[in-house]
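Here the structure comes first, spelled out in structure tokens, and everything after it is commentary.
The values are calculated or read from the model by the stated rules, or taken from the named source; none is laboratory data. The model shown is predicted, which means the values in this text are computed figures rather than measured ones. All Cβ positions, even for glycine, are placed from backbone atoms using ideal geometry, and neighbour counts span all protein chains on display.
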Amino acid sequence: MGGGGTGGSAGVGCLWLVDPPEERSFRRLAQSLVAGQRIGRWSLSPTSEATSFVALHDSGDTLVLLAGRQISTRERFEVLALGSELDLPSGRSLPETIARVRESGAIAVIPWGFGKWWFRRRRLLEDTLTSSPPHGLFVGDSVARPRALPRSPLYDLAASRGIYNLPGSDPLPLSWEIGKPGSFGCVLEAPLETSRPAERLIRILLGLRAQPPLFGGPGRLSGFVRSQVALRLRRGAPEGVTRP
């Protein structure tokens, strides 16, 4: 996601780090953060909120890193809570999970998932998009979706109700997917205060009245197949054995 700079400056990149229940990558990074700490050519600085920090590159580029959580529903959908560090419960229904995310003050995103937007679950998702209040709810296309697969008509249904598309990169825990983050997103033409960027971004997203412009797009079918096979081989490997 890209946000406008403050005071007419150059654009600011914004990257949500969305952790599944067993992961705390954002928290670990934030807890080890010291003002001015460097990682390569980036210097890291805290903000005045617990759900974000700022990385400044030697070139002058700015990247805001923001917290998010991933929740699994009873129906095996995923819901992303953008702007939250809370441990929201898994195993609830899709509508209840969305409601819990909203109550936490975060943005709820239903990301695309292979096999999750088709068949029986497609009807449930369609019913949810039709009946849920649009405020604070989004869908999310993904780099993980091969461009050879047709774009789901559910995106158009969602947009007709004011539920807009916030796409993401959704990298898998595989070495060759390390370059994916930031490759698919949207552009928000609004000033971004870097003292409380998560709070500001949520206000901007809640105020959207049209689909923001997108950049990037879905990936190649060959890459999708390679990553899916590797992930399944790794899950099936004996403990202590890793596979490429």
When you scan segment 53-99, how many residues do you find that are under 21 Å from residue 165 (Cα atoms) and over 17 Å from the mean Cα position of the chain (by Cα)? 5
Out of the residues in segment 87-111 that are in contact with a Pro (Cβ under 9 Å, 6 or more places away or on another chain) and in contact (Cβ under 8 Å) with a residue 60 or more places away in the chain, state the one that is surrounded by the most Cβ atoms within 10 Å (Cβ to Cβ). 90
Which ones in segment 47-59 are in a strand (DSSP E or B), surrounded by fewer than 19 Cβ atoms within 10 Å (Cβ to Cβ) and in contact with a Lys or Arg (Cβ under 8 Å, 6 or more places away or on another chain)? 57
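So how many residues does segment 124-147 have that are part of a loop (DSSP other than H, G, I, E, B), within 21 Å of residue 182 (Cα to Cα) and not charged (D, E, K, R)?
Here is the first cut: in segment 124-147, the residues part of a loop (DSSP other than H, G, I, E, B) are 132-136, 141, 143-145, 147.
Those left that are additionally within 21 Å of residue 182 (Cα to Cα): 141, 143-145, 147.
From what is left, the residues that are not charged (D, E, K, R) are 143-144.
Total meeting the criteria: 2.
Conditions tested, residue by residue: (1) aliphatic (A, V, I, L, M); (2) modelled with pLDDT under 95; (3) closer than 23 Å to residue 199 by Cα.
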{"position": "58", "(1), (2), (3)": "no, yes, no"}
{"position": "68", "(1), (2), (3)": "no, no, yes"}
{"position": "89", "(1), (2), (3)": "no, yes, yes"}
{"position": "95", "(1), (2), (3)": "no, no, no"}
{"position": "98", "(1), (2), (3)": "yes, no, yes"}
From the set of residues in segment 143-171 that are within 15 Å of the chain's Cα centre (by Cα) and farther than 16 Å from residue 68 by Cα, which is surrounded by the most Cβ atoms within 10 Å (Cβ to Cβ)? 143
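Each row is one residue, and each column tells you yes or no for (1) assigned to a loop (DSSP other than H, G, I, E, B); (2) under 30 Å from residue 122 (Cβ atoms); (3) out of contact with any Asp or Glu (no Cβ under 6 Å at 6 or more places or on another chain).
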{"site": "22", "(1), (2), (3)": "yes, yes, yes"}
{"site": "27", "(1), (2), (3)": "no, no, yes"}
{"site": "45", "(1), (2), (3)": "no, no, yes"}
{"site": "64", "(1), (2), (3)": "no, no, yes"}
{"site": "68", "(1), (2), (3)": "no, yes, yes"}
{"site": "71", "(1), (2), (3)": "no, yes, yes"}
{"site": "80", "(1), (2), (3)": "no, yes, yes"}
{"site": "84", "(1), (2), (3)": "yes, yes, yes"}
{"site": "91", "(1), (2), (3)": "yes, yes, yes"}
Only one of 48, 32, 43 is among the hydroxyl-bearing types (Ser, Thr, Tyr), free of Cβ contacts under 8 Å to residues at least 12 places away in the same chain and farther than 30 Å from residue 145 by Cα; which? 32
